[in-house]
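Engineer: Pasting in a structure now, in C-alpha cells, and then I'll have a few things to ask.
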Amino acid sequence: MIETLQAQIFWNNTAWDYLVAFGVFVLLLLMLKIFQVIILKKLRTLAKKTRTNLDDAFIDYISSIKPPVYLLVSLWVGAQLIILPDYIQKAIMFFFVIVLVYEVVRAMEKVVVYGIESYGRKKSAEYDPRQNASMVHLSKLIVRITLWSIGLLMILSNLGVNISSLVASLGIGGIAIALAVQNVLGDVFSSFSIYLDKPFEVGDFITIGTDSGTVEKIGLKTTRIKTMRGEELVVPNKELTSTRVQNFKKLDKRRDVIEIGVTYDTSYDKLEKIPTMVEEVISSVAGVDFDRCHFSKYADSSLNFEIVYFVGTSAYAEFMDAKQQINLNLFKRFAEEKIEFAYPTQTLFVNKA
C-alpha cells in the first residue's frame, strides 16, 4: 500500500508525502492540545506551591495562547514536509512569522511587566503611592512600546523589507521629534532618576538655591514644593537632578552659632562668669545640648562671646522655638547679673582750650 501511495504524484508530492505531512500536523496539534489541557494543569498546581509568582505568571501566559496559534504552528511544521507552490509557502511563512513574533514579544512583555510590578510592590512602602503608581505605569508603557517596536521590525525584516534604510529614514524624523521634546523627555528621565535614587521624597524639607520648602508632589515632569512663605514652587525635574539639593530629612539635630557682645565697662569677674552662665541658661532649655561658649574677640564697641549649641530636632519651627527661648533666657539672666549688651556707639572727647 505504501508503494502505491508513493507512486501516486500530485503537484510534485506523492500521496504518501501528503499523508505523512497530514499525520504530523494532526499529531502535533493533538500534542499541543494535551499539553495545554492536561500537563499545564499539573504545572499550575506545582507552581502554586513555589514562593515566587513568576512561574504562575508564565503559566497564565501559556494558558492564554489561543487554539489558532497551535493550528498555525502545526500547519507550518507539516508544510515543511511537502513541496508547495511558492505563493502558498510565502503565505504560511508570513502568518507563522507574525504569530511567532507576536507570542515571543507577548511572553517577554509578560515577564518584564511582572518584574516592574513586583519591584513597584516591593518599594510601595518607601515611595509616595501616587508617584510609585505613575513610575510603574510609565515604565510598563516604555517597555511595551520598545518590545512591540522591535517585534514590528523583526516582522518587516522577515518580509524582505530593508530595515537599515527604514531605520535611517525614521532616524531623521526621530531626531526632529527628539529636538522638539527634549526638555520634556529630560524631565521625564529625571523623574526616573529621582524615583530610583531618592535624593528626596514627598514630605521632605529641602533647599534648592535660595528656595526652601516641603516637597508636596513628585510628578513625571515637575516637582511641587510648598515654600515657607506659603506659595507653591513648581520646579522642573531636570533642574533638580542638575543642581545641588539640601535635604534636611536625615538631620537629627541642628547646630546654631550665635555671637553676643557686652560693653567694655563689664568687669573682669563678670566676663569670667559669662561662659558658665550661658551654659546654665542653654542647658535648662529642653531638647538643647550646650557645646561651648568662648570670649572670642575685641570688637569695635563690644567684647564678643561665641556660643555654640545643638537643638535635637530637624523641624525648623521647633528649632526656632528653642532659639527664641534661649535668647529670652539669656536676656533675663544678663539683666539679673547687671551685664549690659553692647551696641554700636561712638565716644567724642573734647579738649577745652
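Engineer: Could you tell me which numbered condition Ser314 fails, if it satisfies all but one of (1) touching a residue at least 12 places away in the same chain (Cβ under 8 Å); (2) loosely packed, with under 12 Cβ neighbours inside 10 Å?
Structural biologist: For Ser314, the failing item is (2).
Engineer: Return the only residue of Val188, Val285 being part of a loop (DSSP other than H, G, I, E, B) and either at pLDDT 85 or above or within 20 Å of the chain's Cα centre (by Cα) (or both).
Structural biologist: Val285
Engineer: Within the group Glu336, Glu231, which residue is out of contact with any strand residue (DSSP E or B) (no Cβ under 6 Å at 6 or more places or on another chain), surrounded by fewer than 12 Cβ atoms within 10 Å (Cβ to Cβ), free of Cβ contacts under 8 Å to residues at least 12 places away in the same chain and over 26 Å from Lys198 (Cβ atoms)?
Structural biologist: The match here is Glu336.
Engineer: Can you spot a residue in the range 314-329 that is over 30 Å from Thr214 (Cα atoms) and either modelled with pLDDT of 95 or more or in a helix (DSSP H, G or I) (or both)?
Structural biologist: yes
Engineer: Considering only the range 195-205, I want to know if a residue exists there that is over 30 Å from Phe96 (Cβ atoms), part of a strand (DSSP E or B), at pLDDT 80 or above and within 28 Å of the chain's Cα centre (by Cα).
Structural biologist: Yes.
Engineer: Looking at the structure I just gave you, is Asn247 in contact with a helix residue (DSSP H, G or I) (Cβ under 7 Å, 6 or more places away or on another chain) and either more than 18 Å from Gly186 (Cα to Cα) or crowded, with 18+ Cβ neighbours inside 10 Å (or both)?
Structural biologist: So Asn247 fails the test.
Each row is one residue, and each column tells you yes or no for (1) loosely packed, with under 11 Cβ neighbours inside 10 Å; (2) modelled with pLDDT under 70.
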{"residue": "Thr4", "(1), (2)": "yes, yes"}
{"residue": "Ala15", "(1), (2)": "no, yes"}
{"residue": "Val24", "(1), (2)": "no, no"}
{"residue": "Met31", "(1), (2)": "no, no"}
{"residue": "Ile59", "(1), (2)": "no, no"}
{"residue": "Ala91", "(1), (2)": "no, no"}
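Engineer: Of the conditions (1) of a type in the set (Val, Ile, Thr); (2) surrounded by 14 or more Cβ atoms within 10 Å (Cβ to Cβ); (3) at pLDDT below 95, Thr345 clears all except one; give me its number.
Structural biologist: The one condition Thr345 does not meet is (2).
The values are calculated or read from the model by the stated rules, or taken from the named source; none is laboratory data. Please read all numbers here as calculations on a predicted model, not as lab measurements. Positions of Cβ are generated from backbone atoms using ideal geometry, with glycine treated the same way; all protein chains shown enter the neighbour counts.
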